Amino acid sequence: MRDEPMAGQSNGMRREELLALPVAIDLDTGNRALGLGRSKGYELAKRGEYPCKVLRLGKAYRVVTADLLNLLGLAA
C-alpha cells in the first residue's frame with residue numbers, strides 16, 4: 001500500500017532527489033517527479049504523449065532521466 005503524504009508535504013520530488021536519479025527510471029518515479037497520477041502517466045506513455053522520452057522494455061516503461069531533468073529545467 002502506498003504511503004499518503006503528510007499534511008503540508010508535497011508528493012513531488014526535491015531537487016536533490018531528482019539530481020540523484022539513475023540514467024533511466026520507472027514510470028511511477030517519472031510520474032512523481034512531474035506531479036502526474038499513476039493512471040494519467042501510464043495513459044500518456046501508452047499513447048506516446050508522455051512529456052519526455054519513454055522507453056518500452058518488454059512490459060515496462062522507463063523514463064530517460066536526462067530528458068526529464070531537461071524538461072524540469074535541471075539539466076547540467
Next on the checklist: Condition check: in a loop (DSSP other than H, G, I, E, B), under 19 Å from Arg14 (Cβ atoms) and either among the aliphatic types (A, V, I, L, M) or at pLDDT below 95 (or both). Does Leu74 satisfy that?
Outcome noted: yes
Item to check | Residue in the stretch 37-75 that is farthest from Asp26 (Cα to Cα), counting only those that are among the small types (Gly, Ala, Ser) and in contact with a helix residue (DSSP H, G or I) (Cβ under 9 Å, 6 or more places away or on another chain) | outcome: Ala75
Item to check | Residue pairs meeting the criteria (Cβ under 9 Å; at least 6 apart or on separate chains; first closer than 21 Å to Gly12 by Cβ and loosely packed, with under 12 Cβ neighbours inside 10 Å, in the stretch 34-61; second modelled with pLDDT of 95 or more and of a type in the set (D, E, K, R)) | outcome: Glu49/Glu43
Next on the checklist: Against the conditions (1) modelled with pLDDT of 90 or more; (2) surrounded by 10 or more Cβ atoms within 10 Å (Cβ to Cβ), where does Asn11 fall short? Just the number, please.
Outcome noted: (1)
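The values are calculated or read from the model by the stated rules, or taken from the named source; none is laboratory data. What you see is a predicted model; the values in this text were computed from it and never measured. Cβ atoms come from the backbone with ideal geometry, glycine included; neighbour counts cover every protein chain shown.
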